1. So which of PHE32, PHE18, PHE66 ends up being farther than 30 Å from PRO115 by Cβ and among the aromatic types (Phe, Trp, Tyr)?
2. Of these, GLU298, GLU266, which one is at pLDDT below 85, at negative phi and part of a helix (DSSP H, G or I)?
3. Looking at (1) in the same structural domain as ARG30 (by TED's automatic domain parsing); (2) in contact (Cβ under 8 Å) with a residue 60 or more places away in the chain, which is the one condition that is false for TYR109?
4. Would you be able to tell me the number of residues in region 54-91 that are more than 15 Å from SER142 (Cβ to Cβ), among the small types (Gly, Ala, Ser) and in contact with a Phe, Trp or Tyr (Cβ under 6 Å, 6 or more places away or on another chain)?
5. Identify the residue in region 6-35 that is touching a Gly at 6+ places or on another chain (Cβ under 7 Å) and farther than 18 Å from ALA155 by Cβ and, among all such residues, is surrounded by the most Cβ atoms within 10 Å (Cβ to Cβ).
6. Which condition breaks for GLU48 when tested against (1) part of a loop (DSSP other than H, G, I, E, B); (2) touching a Leu at 6+ places or on another chain (Cβ under 9 Å); (3) acidic (Asp, Glu)?
7. Being among the polar types (S, T, N, Q) and crowded, with 16+ Cβ neighbours inside 10 Å is the filter here; which residues of region 325-366 pass it?
8. Does region 69-123 hold any residues that are surrounded by 18 or more Cβ atoms within 10 Å (Cβ to Cβ), among the small types (Gly, Ala, Ser) and touching a helix residue (DSSP H, G or I) at 6+ places or on another chain (Cβ under 9 Å), and which are they?
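The values are calculated or read from the model by the stated rules, or taken from the named source; none is laboratory data. Note that the structure is predicted; figures quoted are calculated from it, not measured. All Cβ positions, even for glycine, are placed from backbone atoms using ideal geometry, and neighbour counts span all protein chains on display.
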Amino acid sequence: MIAIAAIWISVLLIGGGFALDRVLVGAITRNFDSNLEYVLMSMIRSSEIGPDGEVRMIEPLGDPRFLEPYSGLYWQISGGRQEPYPSRSLWERRLSTSDKHDDQELHVYDSNQFPDEELRVAERDVVLPGSTTRWRFQIAQSRDVLEVQTRALRATLIPSLALLGLGLIVLAALQTFYGLWPLRHIRRAIAAMRGGQQRRVTAPLPLEVQPMVDELNALLAHNEKQAEEARLHAGNLAHALKTPLTVLVNSATSDASELADTVRREAATMQRQVDHHLARARAVGRRGAAQARANVRESVDSVSRAVALLYPDTRLDASGDKALVARVERQDLDELIGNLLENAAKYGGGSVFVTVQREGAMAEILVEDDGPGISPADRTRIFDRGVRLDSGKPGTGLGLAIVRDVAEIYGGSIALEESEDLGGLLVRLRLPAG
């Protein structure tokens with residue numbers, strides 16, 4: 001940032017300084033030329049034609065440098081076949097004239113006709129009263145005076161612009177260091193959090209940085225929540241496995257005759273618990289992917305084909321928004337819909353209908369069947385792990401519990417209602433829409 005600012009400031013000052021130099025040097029030159037023009041006009045007004053046809057000056061020019069040889073200020077009148085009429089300051093030198101241009105108007109130019117002296121010449125052609133000859137009046141002055149003024153200007157301009165550029169670069173550097181200084185506080189706060197000295201970035205920071213700190217603190221809170229959920233799931237799994245393991249150990253040590261049946265029963269219980277907690281763990285792990293998106297209808301159609309193979313006597317139909325997207329991993333969405341469709345096909349009367357729709361910021365999946373449904377008193381209890389209202393059919397009793405837990409992890413919900421069209425159960429699954 002400092003380097004870019006320094007380069008940009010330098011470019012601007014160099015360009016601006018060059019333009020300012022051109023303007024000021026031009027102003028000095030125009031002032032110099034104005035003085036030459038003033039002397040030239042005075043010289044023309046003081047000139048007349050003498051009796052012998054030669055030009056002469058009624059009044060001498062007042063500047064004493066015209067009388068001092070090689071003083072740097074000269075005048076000369078020339079025309080026709082007459083010898084040029086020079087100022088005393090020219091001594092034996094003469095100003096050159098050219099017939100290639102017509103100087104009826106003022107003509108000012110630089111001349112190098114004297115090897116040791118550069119001149120600025122102002123000239124004009126005039127026909128004086130009483131003469132038909134076109135006389136050329138010339139005023140020349142050494143460019144040394146102009147160069148001295150230009151050097152004095154640049155001696156002030158260049159250091160001033162350099163000092164201004166240095167000041168601007170220092171200001172940009174200070175502004176950059178001051179603007180980025182709060183990031184050092186954040187770095188030290190993160191180091192303190194890593195060392196266990198604090199849990200959040202609490203130092204007061206500028207408004208421009210505070211939103212980033214808020215997001216950082218929110219991320220830390222999110223990670224802590226995930227870690228706490230992981231510890232809770234691990235504790236729940238350990239507690240769920242503790243009782244079956246105790247039963248197995250007691251049966252094994254007592255040489256009970258029904259040991260084999262006990263092992264099978266308790267192993268199945270442990271398998272259900274392990275499957276349940278693994279499903280939750282996978283959902284919690286995937287929830288951190290903010291870019292997770294899945295098309296709901298595509299998942300419904302895919303799962304419906306699989307369930308139709310398991311329950312060929314059940315008719316599965318679907319309708320609704322084909323472009324609706326939920327902010328869920330596709331694998332988890334398939335598992336949620338699969339549990340709902342499998343339960344509907346298993347406990348229904350042979351007809352299952354799925355509706356996909358959007359309600360505000362949520363994607364809704366409605367699964368209806370024509371089975372006996374669930375009484376309002378049992379609709380809350382059915383979500384408990386291992387609870388099965390119909391024990392005559394195979395299952396673990398964890399399907400709806402898994403659906404509820406995974407939906408809540410993604411910020412969704414599940415509710416059981418009565419289907420008005422089919423008369424059986426209606427399951428309303430709500431997930432955040434993409």
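1. After applying the criteria, what remains is PHE18.
2. Within the list GLU298, GLU266, the selection yields GLU266.
3. (2)
4. Number of matching residues: 1.
5. This residue is ILE9.
6. The number of the failed condition is (1).
7. Within region 325-366, ASN339, ASN343, SER351, THR355 qualify.
8. Correct list: SER71, SER87, SER89, ALA122.
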